[in-house]
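The values are calculated or read from the model by the stated rules, or taken from the named source; none is laboratory data. Quick caveat, the model's predicted, so the values are computed rather than measured. All Cβ positions, even for glycine, are placed from backbone atoms using ideal geometry, and neighbour counts span all protein chains on display. Protein only, heavy atoms only, side chains kept; ligands, DNA and RNA dropped before computing areas. Shrake-Rupley method; radii C 1.70, N 1.55, O 1.52, S 1.80 Å.
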Amino acid sequence: MHPVIFVFSVFLLAAPAVFPQNANLPTATPSPCVENMPGMKMCPDTTAPAMDHDMMELMQNMRPQNFLQQILHHSSSGTTAEPNSTPTPMLMSMRGKWMFMFHGNGFLTDTQQTSPRGGDKLYSTNWFMPMAQRNLGPGEFTLRAMFSLEPATVTGRQYPLLFQQGETAFGKPIADGQHPHDFLMEIAALYDLKLGSKTLLSFYAAPMGDPAIGPTAYPHRASALENPVGTLGHHQEDSTHIAADVLTVGVAHTFGNIGVKAEASGFHGREPDEFRWDVNYGAIDSWSTRLTVQPGKNWSGQYSYARIHSPEALYPQEDQARTTASVMYNRKFSKGNWANTAVWGHTRALEDNGKQNSYLLESLLRFKTSNYAWLRMENASRTNELLNGTNPLPPNFQEEPLAHVQAYTFGYDHDVDVISHLRTALGAQVTTYGVPDVLKPIYGSHPIGVSVFLRLRPFGDKNDR
């Protein structure tokens, strides 16, 4: 096994010790404790200022009960919000005035692909996110970080993904491959201030983070949680989930059972460079806005628009307008859960008005507690850069829309838990493609990709899935 894959596995194994479940710790003054997991009690510190009702209820129930609690939960990427009913596997612990949480997801995957452009590789996609929250003044203060070992566990700065394009590896365009995430995916501070019982004012500051554009990024949304590979529409839909120097302000309000949130962000537009261990930074030269609506606990939708300055290193003179819209639906049932996401992503080059559209539908069904089945269907715009492969771009190359590619993924895995608070699964998925005529001479008519994998994920409760 790759040594860093081994280190990542050890980290996940050690997480339950770092975030113990029997966290009934002494406080300065005796206070009532609520037992909401077997062997775990949440004990608010009565020496602190009176805890906000939404935060207290969130601690007691472990899951958001309304839209404002979903925002305070901060368990999605950036400041996005999934449906309130969406389960979030995590470890939680109280230490004095602080509530600590730990999320994570890791895959050890072997991918085999047909087609002259296909590839075979053993690699690991992964991320882990520690978070801490407490009362601070009149509001709630959250510190959150997110890390990935993919710079070490994805060799060659990419893993096989037929028809994927975007970013570079060793100075050349990536074609038919997905780049790894940065080691530092997010480091952020958040502050939420209640303005009455139905209104929440939120601030987000992140040297590396996720501005207010797009849906919950694919590594973190419930409908994609069992899928170890990226999406073909990533660069039209949610590639800004790792951006430098992000500042976001948002206002949320509830109208009965309907929640509405409006946000605006400033950030540095250039996507992370191919050197995945360093910290990127730059001037705040781009902006975005997003409107999120939650009509009840099972639904969430967003519409966002951004102006992004020079996002791609291969085209530094090209600015981009990006529009996204998405709808999420989640439904819990006995011993299971059904999570769904539909996304449209649209990019327009401001220099030449070149346009690309990508569409995605994901559905993940958990049934009989330990079984997961999923599908992902995509229709993604590709450009003539794909014809060039991984060769350096010719002088004066002009990128233009070429064709749309369809991808259909079907997968299944099954939990075989053997270690407490570490959910382990073995699974596989198959992807078939709809290939446009212009690409058939290069890819063949019926390319197929197969991935088999081991998945590791920390969790705190057998129902926390």
Failed item in (1) open to solvent by 30 Å² or more (accessible area, probe 1.4 Å); (2) at pLDDT 90 or above, with Glu57 passing the rest: (2)
Number of positions in the range 331-353 that are more than 17 Å from the chain's Cα centre (by Cα), surrounded by 17 or more Cβ atoms within 10 Å (Cβ to Cβ) and farther than 19 Å from Gly427 by Cβ: 4
Matching residues, the range 416-465, being open to solvent by 30 Å² or more (accessible area, probe 1.4 Å) and either aromatic (Phe, Trp, Tyr) or in a helix (DSSP H, G or I) (or both): Asp437, Val438, Lys440, Pro441, Ile442
Some residue of the range 316-326 being closer than 19 Å to Leu291 by Cα, open to solvent by less than 70 Å² (accessible area, probe 1.4 Å) and touching a Leu at 6+ places or on another chain (Cβ under 8 Å): yes
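Just for the range 176-201: of the residues that are small (Gly, Ala, Ser) and open to solvent by less than 10 Å² (accessible area, probe 1.4 Å), which one is farthest from Asn384 (Cα to Cα)?
Within the range 176-201, the first condition is being small (Gly, Ala, Ser), and the residues that meet it are 177, 188-189, 196-197.
Pick out the ones that are also open to solvent by less than 10 Å² (accessible area, probe 1.4 Å) and you get 177, 188.
Details: Gly177: 16, Ala188: 37 Å.
Step by step, filter the range 176-201, then rank; the result is Ala188.
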Count - residues of the range 374-403 that are within 19 Å of Val435 (Cα to Cα) and free of Cβ contacts under 8 Å to residues at least 24 places away in the same chain: 1
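Taking the conditions exactly as written (open to solvent by 20 Å² or more (accessible area, probe 1.4 Å), out of contact with any Ser or Thr (no Cβ under 7 Å at 6 or more places or on another chain) and either part of a loop (DSSP other than H, G, I, E, B) or more than 26 Å from Thr390 (Cα to Cα) (or both)), does Leu122 satisfy them or not?
Numbers: open to solvent by 20 Å² or more (accessible area, probe 1.4 Å): yes; out of contact with any Ser or Thr (no Cβ under 7 Å at 6 or more places or on another chain): yes; either part of a loop (DSSP other than H, G, I, E, B) or more than 26 Å from Thr390 (Cα to Cα) (or both): no.
It is false that Leu122 is open to solvent by 20 Å² or more (accessible area, probe 1.4 Å), out of contact with any Ser or Thr (no Cβ under 7 Å at 6 or more places or on another chain) and either part of a loop (DSSP other than H, G, I, E, B) or more than 26 Å from Thr390 (Cα to Cα) (or both).
Going through Glu318, Glu385 one at a time, which residue ends up being touching a Pro at 6+ places or on another chain (Cβ under 7 Å) and among the acidic types (Asp, Glu)? Steps first, answer last, please.
Values: Glu318 fails: touching a Pro at 6+ places or on another chain (Cβ under 7 Å).
Exactly one of Glu318, Glu385 is touching a Pro at 6+ places or on another chain (Cβ under 7 Å) and among the acidic types (Asp, Glu), namely Glu385.
Given the residues Pro219, Pro211, which is the only one that is assigned to a loop (DSSP other than H, G, I, E, B) and buried (at least 24 other Cβ atoms within 10 Å of the Cβ)?
Details: Pro219 fails: buried (at least 24 other Cβ atoms within 10 Å of the Cβ).
The unique qualifying residue is Pro211.
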Selection status of Gly230, surrounded by fewer than 16 Cβ atoms within 10 Å (Cβ to Cβ) and either within 30 Å of Ala169 (Cβ to Cβ) or out of contact with any strand residue (DSSP E or B) (no Cβ under 8 Å at 6 or more places or on another chain) (or both): no
Residues that are farther than 29 Å from Gly256 by Cβ, without any contact (Cβ under 8 Å) to a residue 12 or more places away in the chain and assigned to a strand (DSSP E or B), drawn from the range 296-351: none
Any hit, the range 394-414, residues being under 23 Å from the mean Cα position of the chain (by Cα), at pLDDT 95 or above, over 30 Å from Gln320 (Cα atoms) and open to solvent by less than 30 Å² (accessible area, probe 1.4 Å): yes
